[in-house]
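For reference, the structure is listed below as structure tokens.
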Amino acid sequence: MSTTMQNSHFRHRSPIHLSHCTLAESFDFLGDRWSLLILRSALFGLRRFEDFHGELGIPRTVLAARLKRLVSAGLMVRQDYKAAGSRPRPEYRLTEMGEALRLPFLAMRQWSDKWVGEGRTPPMTLMRKSDGAAIRVAFVDAAGRVVPGDDLMARFETWAPNAREDAGG
């Protein structure tokens with residue numbers, strides 16, 4: 001079953017049941033607001049507990065629990081570092097899976113600049129290193145061409161329960 005992504009027809013339920021939706025599953029996997037803010041800061045390069053604590057203003061016990069959860073989920077890895085004259089302390093680095101969140105987080109930032117930023121100048125602009133040209137997150141086909149929103153469609157697998165129900169009507 002296929003449907004266009006722009007101006008979808010009225011439905012009584014989503015075409016993918018929550019039990020089969022990897023997007024819904026990722027919301028549970030990534031966790032709550034604090035976890036998302038920790039990941040955001042890590043994508044900007046923060047690694048150390050004290051830096052996360054200072055930037056986010058998160059209670060220490062909550063930060064420790066969220067970092068432990070992000071490590072056990074495979075999004076971050078805990079490694080010790082030792083500054084001169086001090087005892088070893090942990091730092092938290094993004095794994096390949098955690099680093100892969102950069103694109104969806106940048107897409108969300110682009111959305112929030114437009115819809116939440118209330119007309120303010122965005123605090124950050126993505127640019128190409130080679131020539132300084134501004135860039136944006138976009139849908140791109142296999143040939144590298146940008147695909148406009150009104151030319152998108154989705155194919156739903158027949159094993160997805162709601163897609164089967166919607167295929168008949």
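Just so you know, all these numbers are worked out from the coordinates, no wet-lab data involved. Keep in mind it's a predicted model, so treat the numbers as computed, not measured. We place every Cβ from the backbone using ideal geometry, glycine too, and count neighbours over all the protein chains shown.
What the table shows:
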| read-out | value |
| --- | --- |
| Selection of chymotrypsin sites (Phe, Trp or Tyr not before Pro), the range 1-110, meeting DSSP coil and at most 10 other Cβ within 10 Å | 10, 44 |
| Under-5 Å amide H pairs with residue 154, H placed in peptide plane, nonlocal only | 3, 4, 5 |
| Residue-wise HN-Hα coupling along the range 54-68, computed from phi with Karplus coefficients 6.51, -1.76, 1.60 (Hz; x: Gly, Pro) | x, 6, 8, x, 7, x, 4, 5, 5, 4, 4, 5, 5, 4, 4 |
| Antiparallel bridge percentage (DSSP; both residues within the chain; nearest 5) | 100 percent |
| Derived scalar couplings ³J(HN,Hα) [the range 26-37; Karplus, 6.51 cos²θ - 1.76 cosθ + 1.60; whole Hz; x for Gly, Pro] | 5, 4, 5, 5, 6, x, 8, 4, 4, 4, 5, 5 |
| Per-residue HN-Hα couplings for the range 116-129 [Karplus 6.51, -1.76, 1.60; θ = phi - 60°; Hz; x = Gly/Pro] | 9, x, 6, x, 6, 5, x, x, 8, 10, 7, 9, 6, 4 |
| Extension gain from residue 131 to residue 61, taking 0.36 nm per residue of separation minus the Cα-Cα distance | 20.7 nm |
| Gaussian network model of the chain, Cα within-10 Å springs - most flexible of 107, 154, 133 | 133 |
| Contact order normalised by residue count of the range 2-167, Cα under 8 Å, 6+ apart, percent | 32 percent |
| Shape category assigned to the range 96-149 from the gyration tensor of Cα positions, a/c cut at 1.5 | rounded |
| Loop trypsin sites (Lys or Arg not before Pro), the range 85-169, which have at most 14 other Cβ atoms in a 10 Å radius of their Cβ (DSSP) | 120, 128, 129, 136, 145 |
| Sequence of 47, 87, 78 once ranked by neighbouring C-beta atoms within 10 Å, starting from the fewest | 87, 78, 47 |
| Separation in nanometres of the label points that stand 7 Å from Cα toward Cβ, at residue 47 and residue 17 | 4.5 nm |
| Gap separating the Cα centres of the range 20-36 and the range 122-155, nearest whole Å | 24 Å |
| GluC sites (Glu not before Pro) lying in DSSP loop within the range 86-123, provided at most 13 other Cβ fall within 10 Å | 118 |
| Dimensions in Å of the chain - Rg and Dmax from alpha carbons | 20.3, 70 |
| Simple Cβ-charge dipole of the chain, Lys/Arg +1 and Asp/Glu -1, about Cα centre, in debye nearest 20 | 700 debye |
